[in-house]
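Before any comments, here is the structure.
The values are calculated or read from the model by the stated rules, or taken from the named source; none is laboratory data. Remember, predicted model here, so these are calculated numbers, not experimental data. All Cβ positions, glycine included, derive from the backbone under ideal geometry; neighbour counts span all protein chains shown. Note: areas computed on protein heavy atoms with side chains; ligands, DNA, RNA excluded. Shrake-Rupley method; radii C 1.70, N 1.55, O 1.52, S 1.80 Å.
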Amino acid sequence: DPALNKCSQKCTNVVGGNPGYTCFCEPGYFLIDPFNCQDIDECADPNLNNCDNVNGECTNLPGGYSCSCKGGYAGNGVMCTQLDATSLDCPDADEHQIDVNLDHGGVLTVTPSAVGTLCTLTEVRTNA
């Protein structure tokens with residue numbers, strides 16, 4: 001019962017213990033004192049995330065992280081490849097449309113023609 005303990009996330013009963021329970025954290029968090037959990041910044045340590053450390057960017061999220069590609073690159077954030085002016089190689093693409101951030105602030109929307117082939121330019125939007 002959360003009203004009977006001071007844990008910020010989870011607890012387990014300890015028979016005969018004082019206070020009778022031990023706190024622990026959800027994945028992606030760590031205990032900062034006996035009761036409170038804090039988010040782990042997986043982006044602060046490249047060993048804690050699998051983002052492309054050259055052409056990708058890591059964004060810390062509560063309990064985890066997400067990867068994306070830098071402007072001018074496409075991919076899933078774990079593997080990013082440089083864009084061509086009119087097409088790009090989509091080795092990890094599926095049949096779904098993907099948006100790619102460009103250095104000049106626009107978004108390149110591409111539709112993969114087939115897995116492992118070239119994607120074709122379908123639209124360019126600016127973020128203005």
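Here GLY28 clears all of (1) of a type in the set (Gly, Ala, Ser); (2) exposed (fewer than 14 other Cβ atoms within 10 Å of the Cβ); (3) modelled with pLDDT of 85 or more except the condition numbered (2).
Tell me yes or no: at least one residue of the range 25-38 is touching a residue at least 24 places away in the same chain (Cβ under 8 Å), part of a strand (DSSP E or B) and not hydrophobic (A, V, I, L, M, F, W, C). There is at least one residue in the range 25-38 that is touching a residue at least 24 places away in the same chain (Cβ under 8 Å), part of a strand (DSSP E or B) and not hydrophobic (A, V, I, L, M, F, W, C).
Can you find a residue that is within 22 Å of the chain's Cα centre (by Cα), surrounded by 19 or more Cβ atoms within 10 Å (Cβ to Cβ), modelled with pLDDT of 50 or more and assigned to a strand (DSSP E or B) anywhere in the range 75-90? Yes; the residues of the range 75-90 include at least one that is within 22 Å of the chain's Cα centre (by Cα), surrounded by 19 or more Cβ atoms within 10 Å (Cβ to Cβ), modelled with pLDDT of 50 or more and assigned to a strand (DSSP E or B).
Name the single residue, out of those in the range 48-72 being within 21 Å of GLN9 (Cβ to Cβ) and either of a type in the set (Ser, Thr, Tyr) or out of contact with any helix residue (DSSP H, G or I) (no Cβ under 9 Å at 6 or more places or on another chain) (or both), that is least open to solvent (accessible area, probe 1.4 Å).
Ranking the candidates gives GLY63 first.
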